[in-house]
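K.L.:
Could you have a look at this structure, given as structure tokens, before my questions?
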Amino acid sequence: MTAVTAGALLAEPDAPAFRAAMARFPTGVTLLTQGSGDETVVMTLNTLTSVSLDPLLILVSVKASGRMRPRIASSGSFAVNVLGAAQLDLALEFCRPDRPEGSAAMLRLGAEEGVTGNAVVPAAETYVECVLDAQYTAGDHTLLIGRVVALSGGSASPDPLLFHQGKFGRMSSGEQRGAAA
């Protein structure tokens, strides 16, 4: 396959071309948590989608063969903590294979046990606690649909951490004041 150039159309895109195309879509950065105390497992995640307002549903996507999916399937709940720009260090730390777990993760996050029994980060931009509503296999990932049962009010002055083209960043103050779609 040849290199992708601006404006090129690939009839049969491969994984690197697909990854490069998706990198052009900026996302927020979150920490997905399951359990609390000595049972805490955390991972950095940038797949969070609002699905429905009635009922309140969100979607996250995790690697099917990873350690998080069976934990969530077994417990039936999870929490998603939306990170702020000042929490870049947490995003980097919890995307590593050797990331902290258990009480060490709780301490590192400044986390508390939420109403679902999962770690929540009060210093996050916002957090959402869910019970598992459904899960679907999608290629090498599993889509987890969570029914929202609790959430934080969020920061009075949001400054979300973003991920775009393989780099972390933040919105400029002018972009934050723009109208919502």
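K.L.:
Name the residue that is farthest from residue 55 (Cα to Cα), counting only residues in segment 137-161 that are open to solvent by less than 40 Å² (accessible area, probe 1.4 Å) and modelled with pLDDT of 95 or more.
P.N.:
For segment 137-161, the residue satisfying everything is 142.
K.L.:
Select from segment 131-148 the residues that are touching a residue at least 60 places away in the same chain (Cβ under 8 Å) and among the aliphatic types (A, V, I, L, M) and write down the one among them that is nearest to residue 111 (Cα to Cα).
P.N.:
148
K.L.:
While we're on this one: Of all residues in segment 34-50, count the ones that are of a type outside the set (Val, Ile, Thr), outside any strand (DSSP E or B) and out of contact with any helix residue (DSSP H, G or I) (no Cβ under 8 Å at 6 or more places or on another chain).
P.N.:
1
K.L.:
Out of all the residues in segment 77-95, which are touching a helix residue (DSSP H, G or I) at 6+ places or on another chain (Cβ under 6 Å) and either charged (D, E, K, R) or not in a loop (DSSP other than H, G, I, E, B) (or both)?
P.N.:
The answer is 78, and nothing else.
K.L.:
Out of segment 96-120, which residues are open to solvent by less than 40 Å² (accessible area, probe 1.4 Å), outside any loop (DSSP other than H, G, I, E, B) and within 13 Å of residue 41 (Cβ to Cβ)?
P.N.:
Result: 102, 105, 106, 109, 119.
K.L.:
Give segment 48-95 a look and list any residue that's under 17 Å from residue 126 (Cβ atoms), open to solvent by 20 Å² or more (accessible area, probe 1.4 Å) and either free of Cβ contacts under 8 Å to residues at least 60 places away in the same chain or among the aromatic types (Phe, Trp, Tyr) (or both), or say none.
P.N.:
Matches in segment 48-95: 48, 49, 50, 53.
K.L.:
So, of the residues in segment 17-37 that are aliphatic (A, V, I, L, M) and over 17 Å from the mean Cα position of the chain (by Cα), which turns out to be farthest from residue 78 (Cα to Cα)?
P.N.:
Looking only at segment 17-37, we keep the residues that are aliphatic (A, V, I, L, M), and these are 17, 20-23, 29, 31-32.
Of the ones still in play, those that are also over 17 Å from the mean Cα position of the chain (by Cα) are 17, 20-21.
Details: 17: 32, 20: 30, 21: 29 Å.
Checked segment 17-37; the qualifying residue farthest from residue 78 (Cα to Cα) is 17.
K.L.:
Find the residue count for segment 51-67, including only residues that are more than 12 Å from the chain's Cα centre (by Cα), closer than 24 Å to residue 115 by Cα and not in a loop (DSSP other than H, G, I, E, B).
P.N.:
Taking segment 51-67 as the starting set, the residues that turn out to be more than 12 Å from the chain's Cα centre (by Cα) are 51-57, 63-67.
If we keep only those that are closer than 24 Å to residue 115 by Cα too, we end up with 51-57, 67.
Next, from what is left, pick out any that are not in a loop (DSSP other than H, G, I, E, B): 51-53, 56-57.
Total satisfying the criteria: 5.
The values are calculated or read from the model by the stated rules, or taken from the named source; none is laboratory data. Just so you know, these numbers come straight off a predicted model, no measurement behind them. Please note: Cβ atoms are built from the backbone with ideal geometry, for glycine as well, and neighbour counts cover all protein chains shown. Surface accessibility is based on the protein's heavy atoms, side chains included, excluding ligands, DNA and RNA. Shrake-Rupley method; radii C 1.70, N 1.55, O 1.52, S 1.80 Å.
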